[in-house]
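Data block below; observations after.
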Amino acid sequence: MKTDAPIFDPIAFKLTDKQRYLTDLARKVGQESLAPRAAQYDLNASFPAENYVDMFKAGLMGICIPEKHGGHGADILTYAMTAAELGRYCGATALTWNMHVSSTLWTGDLTDDLEMSAEQRTTHEQKRAIHFKRIVEDGAIYSQPFSEGGAAAAGKVAWGTQAIPTNENGGGWIVNGKKIFASLSGHANYYGILCSEVREGEKPSRRNSVYVAVPADADGVSITGEWDPMGMRGTVSRTLHFKDVFVPEEAMLMPRGIYHAAASKWPHMFLTLCPAYMGLMQAAYDFTIKYLRGEYPGLYPVKRRMYPTKQIAVAQMKIMLEQSKALFYQTLSEARPNPSKDQIMRSWVMQYTIMENASEMSQLAIRTCGGQSMLKSLPLERIFRDSRCGALMLPLTAEICLDNLGKFALYERGETDD
Ligand SMILES: Cc1cc2nc3c(=O)[nH]c(=O)nc-3n(C[C@H](O)[C@H](O)[C@H](O)COP(=O)(O)OP(=O)(O)OC[C@H]3O[C@@H](n4cnc5c(N)ncnc54)[C@H](O)[C@@H]3O)c2cc1C
């Protein structure tokens with residue numbers, strides 16, 4: 001099998017040895033394992049379990065776990081370029097892998113970047129070692145079900161899922177609530193959920209958010225609902241319910257108060273959904289080139305590249321792809337604590353651009369390649385459906401990015417029209 005060219009050329013994008021190694025590895029796993037299985041998972045709306053076995057064997061599950069804990073210690077940019085390579089071959093696998101990897105990135109590098117007392121840092125180091133060991137040695141899978149169907153996942157109100165502290169069983173919380181669109185439901189070993197920690201007499205507040213990993217087999221955890229969506233079908237994002245679930249203290253993924261601080265001081269943390277869609281965009285382009293050249297494997301070799309309208313469409317696709325890649329690389333290389341206003345605005349521009357361009361590009365690819373390209377026997381039709389979901393993902397839906405950008409462009413902090 002001919003190996004595909006990298007999305008981010010190592011020389012042009014000045015990749016480090018680690019970045020080159022991980023992106024090459026993801027492309028190999030993607031091309032050899034993910035691509036041949038993608039249609040089946042999509043058809044059955046089933047979780048890509050075999051892909052996870054292969055990704056664990058390849059060492060990809062610990063990509064963002066610090067090296068001292070047995071991982072690759074990848075930063076967000078390295079993760080993003082690697083995830084884009086996976087998304088190119090199976091969007092649903094890359095999107096669910098994002099939920100798992102983000103759990104480790106947030107618990108790892110990102111938390112290290114934020115202010116904590118020495119005692120908090122020591123305790124966090126002990127707690128995260130438990131999570132990282134499970135992942136690196138035992139192959140545990142973590143997910144990130146935050147959405148609740150209200151305004152919490154958009155960052156507007158406190159989490160409806162509540163964690164009441166308890167001293168029983170060595171200490172922890174009793175958790176009650178519900179998470180919708182819980183990707184990896186029934187397949188993750190731990191559900192990393194955000195809850196409002198509520199003590200007696202207190203009202204839930206975002207400041208008191210706690211981020212905990214609930215064991216999937218804990219008493220009181222259940223899953224309901226059908227899963228038969230238009231796209232990203234392999235994510236199996238059903239509804240999770242927590243009824244008086246005891247969650248031990250060691251389940252804490254970030255120290256108290258750190259999620260709230262991270263959301264304002266490390267805003268690039270919410271950009272980890274884009275890479276799957278960056279990969280889908282590249283996949284739509286790759287398909288179109290092969291198809292119009294009459295080189296798509298398994299198809300009768302008809303050339304369609306000589307028509308000027310198709311050449312113009314491909315030129316438009318290439319422009320869109322390179323614009324997206326440049327913005328993606330630039331924005332993710334700016335991820336750090338306390339970014340400037342300009343960097344924050346660019347991060348929303350990037351999220352919007354990737355999510356909208358992925359969808360537009362796959363639409364253009366279908367129009368350009370023609371009727372046969374939308375047959376279910378070819379991947380473009382799946383890429384088209386998967387890429388449609390990107391702009392809907394909270395907390396940075398395409399609409400919210402537009403709202404934020406407009407406000408930030410026209411108002412300085414604290415300014416009003418009164
Ligand atoms: C394939 C797939 C997989 C997913 N996996 C996960 C997952 O693993 N974890 C997870 O947490 N979520 C996941 N989601 C959920 C996703 O992130 C969104 O929460 C979900 O798509 C929102 O649904 P909705 O648009 O119907 O929400 P709505 O109910 O319409 O919106 C929810 C709330 O967000 C706010 N909101 C919406 N639009 C705006 C706006 N323009 N301006 C201001 N506020 C606004 C509102 O307060 C609204 O009440 C997944 C979604 C999909 C499609």
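All of the numbers you see were taken from the coordinates with simple rules; none came from a lab. None of these values were measured; they are calculated from a predicted model. So basically every Cβ, Gly included, is an ideal-geometry build from the backbone, and we count neighbours across all protein chains shown.
Once the cut-off is 17 Å, how many percent of the Cα-Cα pairs in the stretch 17-140 end up in the long-distance tail? The proportion of pairs with Cα distances above 17 Å equals 56 percent.
For the stretch 60-129, the set of GluC sites (Glu not before Pro) satisfying both a DSSP loop assignment and a count of at most 15 other C-beta atoms within 10 Å is given as Glu115.
The string of couplings for the stretch 101-112 from the Karplus curve (6.51, -1.76, 1.60, θ = phi - 60°) is 5, 4, 4, 7, 5, 5, 6, x, 3, 5, 5, 4 Hz, one whole number per residue in order, with x for Gly and Pro. Size estimate for the stretch 268-349 follows the Kirkwood approach: the inverse of mean 1/r over distinct Cα pairs works out to 14.8 Å.
Please compare each pair in Lys179/Lys376; Lys14/Lys310; Lys156/Lys178 to a cut-off of 27 Å on the Cα-Cα distance and tell me which ones are over it. Long pairs (Cα-Cα over 27 Å): Lys179/Lys376; Lys14/Lys310. Straight-distance candidates among the aspartates and glutamates for linking to Lys203, with alpha-carbon spacing under 14 Å and chain neighbours fewer than 8 residues away dropped, are absent.
Cut-off under 16 Å on the C-alpha distance; same-chain residues fewer than 8 positions from Lys2 excluded. Which lysines are left, in chain and number order? Correct list for Lys2: Lys28, Lys290.
Packing, as the average of other Cβ atoms within 10 Å across residues, places the peptides 58-64, 348-354, 168-174, 409-415 in the order 348-354, 58-64, 168-174, 409-415, highest first. Extents of the stretch 222-293, taken as max minus min of Cα coordinates on every principal axis and listed largest first, are 58, 36, 18 Å. Around the Cα centre of the stretch 17-140, unit charges on the Cβ atoms of Lys, Arg, Asp and Glu (plus for the first two, minus for the last two) sum to a dipole of about 240 debye. Fewest neighbouring Cβ atoms within 10 Å first, the residues Cys274, Cys369, Cys389 line up as Cys369, Cys389, Cys274. Average projection, convex hull of the Cα set of the stretch 201-241: 5.1 square nanometres.
If one computes P(r) from the Cα atoms of the stretch 263-410, what percent of pairs lie at distances over 22 Å? The share of Cα pairs beyond 22 Å in the stretch 263-410 comes to 44 percent. Over the residues of the chain, the helix contribution to mean residue ellipticity at 222 nm works out to -14500 deg cm²/dmol, using -39500 (n - 2.57) for each DSSP H run of at least 4. For the peptides 11-20, 38-47, residues were scored by their other Cβ atoms within 10 Å and the scores averaged per peptide; the highest-first order is 38-47, 11-20.
Would you look at the GNM of the chain, springs on alpha carbons closer than 10 Å, and say which of Leu95, Leu34, Leu375 moves the most? Taking springs between Cα atoms under 10 Å, the residue moving most is Leu375. Of the Cα atoms belonging to the stretch 283-330, the radius of gyration and Dmax stand at 12.5, 40 Å.
Kirkwood hydrodynamic radius of the stretch 125-281, from the reciprocal of the average inverse Cα-Cα distance over all distinct pairs: 16.3 Å. Restricting the calculation to Cα atoms, every distinct pair contributes to the Kirkwood radius of the stretch 162-255, found to be 13.9 Å. Globularity index of the chain is 0.99 (Cα radius of gyration / 2.2 N^0.38 Å, N = number of residues).
Centre-to-centre separation between the Cα atoms of the stretch 347-380 and those of the stretch 10-25: 26 Å.
With K and R counted +1 and D and E -1, the other residues having a Cβ less than 10 Å from that of Lys127 yield a net charge of -2. Under a Gaussian network description of the chain, with springs only between Cα atoms under 10 Å, the residue in Ser102, Ser362, Ser264 that fluctuates furthest is Ser264. For the chain, a simple Cβ point-charge model (Lys and Arg +1, Asp and Glu -1, everything else neutral) yields a dipole of about 1400 debye relative to the Cα centre. Put simply, the C-alpha atoms of the stretch 115-165 give a gyration tensor, and the ellipsoid matching it has half-axes of 27, 19, 10 Å, longest first. Taking the convex hull of the alpha carbon positions in the stretch 212-261 and averaging its projected area over all directions gives 5.1 nm². Rounded to the nearest 20, the Cβ-based charge dipole of the stretch 263-410 about its Cα centre (Lys and Arg +1, Asp and Glu -1) stands at 400 debye.
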